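Student: Next up is a structure, given as structure tokens.
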Amino acid sequence: MSNSAKGHALTHQPVTGYDPQAYRDGLSSMVTSVCVVTTEVDGKQYGFTANSVTSVSMDPPLISVCLADTADVHPAFSQAESVAVNVLASDQSPVAMAFASPGVDRFAAAHFTPGKLGVPLLDSATVSLEGVVHQRLTAGDHTIILIEVAGVVVGGGDPLTYQGRRFHTLNPLEPSTR
């Protein structure tokens, strides 16, 4: 079994000769959901817009979100015990922009209600995943926050997506089988 299969990090020579702009352009071609990640620390609410949210495990139920180490909310999320990931609805691009903008009252952009763990849940999200911080990992210039999901609120509706440095909505090719 390889070291990576056993959960050990591999060490290797740094990649050189790649084009950073081509890397950015390539990543921007990927379609992602748009989320607002929220927490409350010492009675104050914090949040940021993320498109780096991933399902990790079913047992335990884990999701991950990545936060830039330079983000103004990084200190709060570095000590937060509980976090919510709110997947935005297709009409919520103004909420995404507010939570991506420094120096504004981000929580004035939409209505939030405290979840069962006390963190702000977006009332009109397509889904809100609330949980406790399971682990934090440093990866390059970001912190990966692993969240053990303790509650799910499904709101419905179509999600907001991001691709090519623009917001989009889904255009399903076939009817839902739900």
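Student: Can you tell me the dipole magnitude for the chain around its Cα centre, using point charges on the Cβ only (Lys, Arg +1; Asp, Glu -1), in Debye to the nearest 20? Write down the numbers at each step before the final one.
Tutor: Details: 9 positive and 16 negative charges, 42 e Å.
Roughly 200 debye, rounded to the nearest 20.
Student: Run lengths n ≥ 4 of DSSP H only: what is the helix-derived mean residue ellipticity at 222 nm for the chain, with -39500 (n - 2.57) per run over all residues, to the nearest 500?
Tutor: On the way: 3 runs with 22 residues, N = 178.
That calculation yields -3000 deg cm²/dmol at 222 nm.
Student: Quick one: with all protein chains in place, what share of the accessible area of the chain is carbon or sulfur, to the nearest percent (1.4 Å probe)?
Tutor: Numbers: 5850 of 10860 Å².
After summing per-atom areas, the C and S share lands at 54 percent.
Student: Keeping every protein chain present and rolling a 1.4 Å probe, give me the accessible area per residue for the chain in Å². Walk me through the numbers on the way to the answer.
Tutor: Details: 10860 Å² over 178 residues.
Here the per-residue accessible area is 61 Å².
The values are calculated or read from the model by the stated rules, or taken from the named source; none is laboratory data. Remember, it's a predicted structure, so these values are computed and weren't measured experimentally. Cβ atoms come from the backbone with ideal geometry, glycine included; neighbour counts cover every protein chain shown. For accessibility, only protein heavy atoms count, side chains too; no ligands or nucleic acids. Shrake-Rupley method; radii C 1.70, N 1.55, O 1.52, S 1.80 Å.
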